[in-house]
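**Q** Sharing a structure with you now.
The values are calculated or read from the model by the stated rules, or taken from the named source; none is laboratory data. Just so we're clear, the structure is a prediction, and the values are computed from it rather than from any experiment. Cβ coordinates were reconstructed from backbone atoms using ideal geometry, including for glycine residues, and neighbour counts include every protein chain displayed.
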Amino acid sequence: MSAVVFRQVRAEWTKLRTVRRWTLTLLAAAVVTVVVSLLGASGAQVSHIGGKDDLPPTGPDGRGVRDAFQFVHQEMRGDGTLTAHVASLTSRVEDPRPGGASEPWGKAGIMVKASTKPGASYVALVATAGHGVRLQHDFFHDKGLRSASWLRLTRSGSRFTAYLSDDGTNWKKAGSVQPRGIPETAQVGVFATSPMHTEMQRQFGSTSISDVPAHAVGVFDNVTVAPANPSARPGQGANSGTWTGSAIGAARTGPPGEAPPSTVKDGSSVANGTITVTGSGEIGPLPRGTDLVQRALQGVLVGLLVTVAVGALYMTSEFRHGLVRTTFTAAPRRGGMLAAKSVVLGATVFLLSLVALLIGFPLAQSRIRSSGFKPPGFPTWSVTDPAALRAIVGSALLVALVTVLALACGAIFRHSAAAIALVLVVVLIPQILAPALPLGAARLLLSVTPAAGFAVQQSAPHYSFTPEPCLPDEGCYPLSPWVGLAVPCLYVAVALLLAWWLLRRRDA
């Protein structure tokens, strides 16, 4: 059995490499991939990224973050418990239109933070205006919880446990986390913040986005900081008992250096056991911005268009010239012929694409850095970075998958033009239409067609707990990288099964 398979694979490899136009076309696809990637890397210039004061703070893991809010806090030493009742949470958007609007990601809650320095490690249990209660820590971690008005965080060593209650008496555990870098002495208290309210209008070929300043107003009562050891002497207990209001970071959510105009003043007040906090800003990852990995891989799409033609012709030429009869005479297992062609073509295209991308990616990154996209404002990428390597290998796999899809369509239709047209439609049309469609429809289109595979090129993930929209025209795909690549895998599997079934039923 293995000898038969080997002979079929060797025969198909011989066919592929001995047809000169196919070999030259595949080599041309590799060259085009490199050239177009270099051209795409030269498409923009950055002449100024600001000084040190314009750079974002860095979180516990060294990545840039947003960390701007109003914080009413005191010191807590060692283990202890922070409890607060959210009496009210109001989202105020400075919208002159009748009825105005509200910002669903306006938030207020309780927090334990390593220090008042922007970017310091933290744990927060927050109520939001439109997304329920969330347990968040260290800027990149979020967990949705049930709604509740009483919030509690308990510290035991490096572990923080969240509890929720509807009446302040009966508490239920909601989750626990272990953030990085919160020392024994930390700042605890209540906070409020709100990103700017974003409104978007989409028209064919363009997207208009406007930001309106917004503020969250949190009113808290029954705020207590309890030591783990109630008998601790002064100076050894959990808190100092004195509340201090601080503005953490800069109240801005736009690009560095841009502060939104506002007529509402952030601040806080403590009176008669009630703490009122008004805040604007954001706590979380930086906006996606320009994905420099995607920019260096723009040649993949053009190279893919070339290999699709080879994929279709590799199969349809068998029928057009009658060679398929000879093939089936030598190897009667028709499914074996289809499998051998798929393996040979897929492996060849994958290796050629991988080599092209391993050559083109560093060259494109060098061109990108020379255009001004360099540290400290932008990261430096190399092929050894896990996200970049995943994008490169995944892109090569995507080209191979779509090429094999063209081969399978060639077996189904037995007509080169029909096979090529169908594959190009399902790969190209979604990317052309996505910028013009409503956001929900665009995301659906890029989730259910082979174009979803381009998600594997993303180096900047989209976080669902941030208010910025994931726009397809900015290179943000709705699926995660490997899940997106699984979509064209499914298409290829279905197409090959259908091609195998038709090959068995039809005359050669």
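**Q** Within the stretch 165-178, work out how many residues are in a strand (DSSP E or B) and of a type outside the set (A, V, I, L, M).
**A** Counting residues in the stretch 165-178 that are in a strand (DSSP E or B) and of a type outside the set (A, V, I, L, M) gives 6.
**Q** Is at least one residue of the stretch 278-297 without any contact (Cβ under 8 Å) to a residue 60 or more places away in the chain, among the small types (Gly, Ala, Ser) and in the same structural domain as residue 247 (by TED's automatic domain parsing)?
**A** Scanning the stretch 278-297, I find no residue that is without any contact (Cβ under 8 Å) to a residue 60 or more places away in the chain, among the small types (Gly, Ala, Ser) and in the same structural domain as residue 247 (by TED's automatic domain parsing), so the answer is no.
**Q** Going through the stretch 270-301 one residue at a time, which ones are hydroxyl-bearing (Ser, Thr, Tyr), surrounded by fewer than 21 Cβ atoms within 10 Å (Cβ to Cβ) and touching a Lys or Arg at 6+ places or on another chain (Cβ under 8 Å)?
**A** If the condition is that a residue be hydroxyl-bearing (Ser, Thr, Tyr), surrounded by fewer than 21 Cβ atoms within 10 Å (Cβ to Cβ) and touching a Lys or Arg at 6+ places or on another chain (Cβ under 8 Å), then no residue fits.
**Q** Hey, another quick one. Tell me which of these residue 505 doesn't satisfy, since it passes every other one: (1) more than 21 Å from the chain's Cα centre (by Cα); (2) more than 23 Å from residue 404 (Cβ to Cβ).
**A** All conditions pass for residue 505, except number (2).
**Q** Which one is farthest from residue 307 (Cα to Cα) among residues in the stretch 380-398 that are modelled with pLDDT under 95 and surrounded by fewer than 18 Cβ atoms within 10 Å (Cβ to Cβ)?
**A** Only one residue tops the list, namely 380.
Residues checked against (1) in contact (Cβ under 8 Å) with a residue 24 or more places away in the chain; (2) touching a Ser or Thr at 6+ places or on another chain (Cβ under 7 Å); (3) assigned by TED's automatic domain parsing to the domain that holds residue 314:
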{"position": "425", "(1), (2), (3)": "no, no, yes"}
{"position": "430", "(1), (2), (3)": "no, yes, yes"}
{"position": "438", "(1), (2), (3)": "yes, no, yes"}
{"position": "448", "(1), (2), (3)": "yes, no, yes"}
{"position": "477", "(1), (2), (3)": "yes, no, yes"}
{"position": "495", "(1), (2), (3)": "yes, no, yes"}
{"position": "500", "(1), (2), (3)": "yes, no, yes"}
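**Q** Something else: Out of the stretch 355-401, which residues are under 14 Å from residue 457 (Cα atoms), part of a loop (DSSP other than H, G, I, E, B) and out of contact with any helix residue (DSSP H, G or I) (no Cβ under 8 Å at 6 or more places or on another chain)?
**A** Of everything in the stretch 355-401, just one residue is under 14 Å from residue 457 (Cα atoms), part of a loop (DSSP other than H, G, I, E, B) and out of contact with any helix residue (DSSP H, G or I) (no Cβ under 8 Å at 6 or more places or on another chain), namely 385.
**Q** Within the stretch 56-164, which strands (runs of 3 or more DSSP E) (wholly inside it) include 3 or more residues that are surrounded by fewer than 20 Cβ atoms within 10 Å (Cβ to Cβ)?
**A** Of the strands (runs of 3 or more DSSP E) lying wholly inside the stretch 56-164, those with at least 3 residues that are surrounded by fewer than 20 Cβ atoms within 10 Å (Cβ to Cβ) span 69-77, 80-93, 141-145.
**Q** Follow-up question, since we're still on this one. If you go through the stretch 183-193, how many residues are over 27 Å from the mean Cα position of the chain (by Cα) and either outside any strand (DSSP E or B) or hydroxyl-bearing (Ser, Thr, Tyr) (or both)?
**A** 3
**Q** Could you check the stretch 197-210 and list, in sequence order, the residues that are modelled with pLDDT of 70 or more and surrounded by 15 or more Cβ atoms within 10 Å (Cβ to Cβ)?
**A** 197, 198
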